[in-house]
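A.B. asks: Here's a structure for you.
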Amino acid sequence: MTKQFIVQDPYFDKAKKLGYRARSAFKLIEIQEKYNIIHPKMNVLDVGAAPGSFLQVIGKIVDLEHKVVGIDITKINPNFGRPNIHLLQESIFEYDKIRTYLDSLNIGQFDLITSDIAPSTTWMGGIDQYRSVELNLAILDVAKVFLVKWGNLVLKVFVWEDVNDLMWPLKASFAKVSRFKPKACRERSFEEYFIGLGKKE
């Protein structure tokens, strides 16, 4: 008998109790506790930001003099209670539109880019992982444009046999790349987080 897949696990309940929009908030909290990548005096970009749980965590750390920007093709509820959180409903592939928006906020580049994005799942591991790699390669391209030198990058990846197609370009772009699976990830999930530390150029 296979173990039943339970969505409403303790992290779901804890997120609801603490006012986080999704359980993924605890994944970023664990990443922050281990790698200390978010600092008060940072501009931070969150790609694929809906529903906004990463933005909630980041917004509690970044001071009000700096900006947190969330981008997603899905509309995000803007009620964060933090005036320095800004939202753009747009595809990450629309570089010119993103650039125009960031110029309006007086942001050249970001100190940190995070992403909890995932492709629409088919529940066929190889296909979902391949799509995850492709999506994260696109976010790496975003980082090449919008992340400062020595900045850091956090990506969620569905790990399967094609994962080196992402790992190799990450290692080429960052001084160090770490892999981490937070305890808040579901037990049956193939997801891990790849943390690129110190963008080379």
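The values are calculated or read from the model by the stated rules, or taken from the named source; none is laboratory data. Bear in mind the structure is a predicted one, so any value in this text is a computation, not a measurement. Cβ: placed from backbone, ideal geometry, glycine included. Neighbour counts: every protein chain shown. What goes into the accessible areas is simple: the full protein's heavy atoms, side chains included, and nothing from ligands, DNA or RNA. Shrake-Rupley method; radii C 1.70, N 1.55, O 1.52, S 1.80 Å.
A.B. asks: Express the relative contact order of the chain as a whole percentage, based on alpha carbon pairs under 8 Å and six or more residues apart in sequence.
C.D. replies: 18
A.B. asks: Output the DSSP H helices from the chain with an along-axis C-alpha extent of no less than 24 Å and a mean Kyte-Doolittle hydropathy no less than -1.0. Don't jump to the answer; show the numbers that get you there.
C.D. replies: Values: long enough: 125-146 (31 Å, 0.48).
The answer, listed by residue number, is 125-146.
A.B. asks: Take peptides 24-35, 96-107 and line them up by average Cβ neighbours within 10 Å, highest first, as a rough protection proxy. Numbers along the way, then the final one.
C.D. replies: Details: 24-35: 19.3, 96-107: 13.6.
Highest-to-lowest ranking by the protection proxy: 24-35, 96-107.
A.B. asks: No solvent, one uniform scatterer per C-alpha: report log10 I(q)/I(0) for the chain via the Debye equation at q = 0.08, 0.18 1/Å, two decimals.
C.D. replies: Cα-only, vacuum Debye calculation for the chain: -0.25, -1.37.
A.B. asks: DSSP beta bridges in the chain, what fraction antiparallel, as a percent rounded to 5?
C.D. replies: Restricted to the chain, the bridges split so that about 40 percent are antiparallel.
A.B. asks: Of Ser173, Ser91, Ser189, which is the most mobile in a GNM of the chain whose springs link Cα atoms less than 10 angstrom apart?
C.D. replies: Result: Ser189 has the largest fluctuation of those listed.
A.B. asks: Can you give the relative contact order of the stretch 1-101 as a percent, counting alpha carbon pairs under 8 Å and 6+ residues apart?
C.D. replies: Rounded, it is 20 percent for the stretch 1-101.
A.B. asks: Report in % the part of the accessible area of the chain that belongs to carbon and sulfur, leaving out ligands and nucleic acids; probe 1.4 Å.
C.D. replies: 53
A.B. asks: Here is a follow-up. Could you do me a favour and compute the accessible area per residue for the chain, 1.4 Å probe, result in Å²?
C.D. replies: 53
A.B. asks: Now a separate question. What are the aspartates and glutamates whose alpha-carbon lies under 14 Å from the alpha-carbon of Lys200, with same-chain residues fewer than 8 places away excluded?
C.D. replies: Result set, ordered by chain and number: Asp111, Asp141.
A.B. asks: Rounding to the nearest 20 debye, state how big the charge dipole of the chain is about its Cα centre with +1 on each Lys and Arg Cβ and -1 on each Asp and Glu Cβ.
C.D. replies: 620
A.B. asks: What is the sum of charges, Lys and Arg at +1 and Asp and Glu at -1, for the other residues whose Cβ falls under 15 Å from the Cβ of Ala172? Working shown, then result.
C.D. replies: Working: positive: Lys144, Lys149, Lys171, Lys176, Lys199, Lys200; negative: Asp141, Asp165, Glu201.
Around Ala172, the charge tally is +3.
A.B. asks: So what's the net charge close to Gln89: Lys and Arg +1, Asp and Glu -1, counting the other residues with Cβ under 11 Å from its Cβ?
C.D. replies: Here the count lands on -1.
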